[in-house]
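First up is the structure itself, then whatever we jot down about it.
The values are calculated or read from the model by the stated rules, or taken from the named source; none is laboratory data. Note that the coordinates shown come from a computational prediction; the quantities given were computed from them, not determined experimentally. Ideal geometry is used to build each Cβ from the backbone, glycine not excepted, and the neighbour counts take in all protein chains shown.
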Amino acid sequence: MTTPIDLYYWPTPNGHKITILLEEQEVPYQIIPINISKGDQFEADFLKIAPNNRMPAIVDHEPSGGGEPISIFESGAIMLYLAEEYGGFLPHEAREKAEVTQWLMWQMGGLGPMAGQAHHFRHYAQDKIEYAINRYTDECNRLYGVMDRRLKDRDFLAGEYSIADMACWPWVKPYERQGQDLSEFPNLKRWFETIEARPAVVKAIEVGKEYRSRPEDMTDEARQILFGQTARK
């Protein structure tokens, strides 16, 4: 590879998923920041790459089959592509591959959305709705329990360290802001600390740290951009 992969990125859990994988693979990449609080995700050029107006997205300028660059949106799809294209962290054998894939989809369909909603209603929503806070905090707790039981007799979610772990870990990282206590989940805590100590993960989490902001610093304009979009806007 002579041309780095373009990574359209902001330091969110979904963004961290991709930097972790690229760092683990030692695949060259360059960051193209997408400031989601300023509305970069709605720019026409980005829409061509990510029609859902969400980061992360990538452009691989040198796909193995040759031809035109390949652009991919949705973090789970990006992880599957990178693992298959550049090797590692996704088994080839059908049974083992299915184990990894189902836990990746579990994160995409469950852990990410529910933890994200817990985070939103606990910290971003201006109206503190008790039902919503309890609903998503409790569901996040249930999902932590699923992981804790899964990790009782194995080191990682699908046996060997894989893209499933890389996908889930960034969503567990802000556990306190989701209203969770890792001491209640000893197997999950051990898994979390093991991954946290990996050199590639340490490096990946530092990417884009200068862009980080706190919910309490969010302006009304940024709030409208992030949470006020409809099909009409």
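Check whether at least one residue in the range 65-73 is touching a helix residue (DSSP H, G or I) at 6+ places or on another chain (Cβ under 7 Å), among the polar types (S, T, N, Q) and more than 30 Å from D220 (Cα to Cα), and report yes or no.
Yes, that holds for at least one residue.
Being assigned to a helix (DSSP H, G or I) and either surrounded by fewer than 16 Cβ atoms within 10 Å (Cβ to Cβ) or of a type in the set (G, A, S) (or both) is the filter; apply it to the range 124-143 and report the residue that is modelled with the lowest pLDDT.
Top of the filtered list is Y124.
Please find, within the range 207-227, the residue that is nearest to H120 (Cα to Cα) out of those that are over 20 Å from the mean Cα position of the chain (by Cα) and acidic (D, E).
The residue in question is E216.
Residues that are modelled with pLDDT of 95 or more and among the small types (G, A, S): does the range 39-50 have at least one?
yes
Within the range 1-31, count every residue that is in a loop (DSSP other than H, G, I, E, B) and more than 16 Å from the chain's Cα centre (by Cα).
Residues flagged as in a loop (DSSP other than H, G, I, E, B) and more than 16 Å from the chain's Cα centre (by Cα) within the range 1-31 amount to 7.
If you go through the range 32-44 one residue at a time, do you hit one that is β-branched (V, I, T), surrounded by 21 or more Cβ atoms within 10 Å (Cβ to Cβ) and not in a loop (DSSP other than H, G, I, E, B)?
Checked the range 32-44: no residue is β-branched (V, I, T), surrounded by 21 or more Cβ atoms within 10 Å (Cβ to Cβ) and not in a loop (DSSP other than H, G, I, E, B).
Are any residues in the range 176-218 polar (S, T, N, Q) and surrounded by 10 or more Cβ atoms within 10 Å (Cβ to Cβ), and if so, which ones?
Q178, Q180, N187, T194, S213 - these are the residues of the range 176-218 that are polar (S, T, N, Q) and surrounded by 10 or more Cβ atoms within 10 Å (Cβ to Cβ).
Just a yes or no: is a residue in the range 144-164 under 26 Å from G88 (Cβ atoms), part of a helix (DSSP H, G or I), within 15 Å of the chain's Cα centre (by Cα) and in contact (Cβ under 8 Å) with a residue 24 or more places away in the chain?
There is at least one residue in the range 144-164 that is under 26 Å from G88 (Cβ atoms), part of a helix (DSSP H, G or I), within 15 Å of the chain's Cα centre (by Cα) and in contact (Cβ under 8 Å) with a residue 24 or more places away in the chain.
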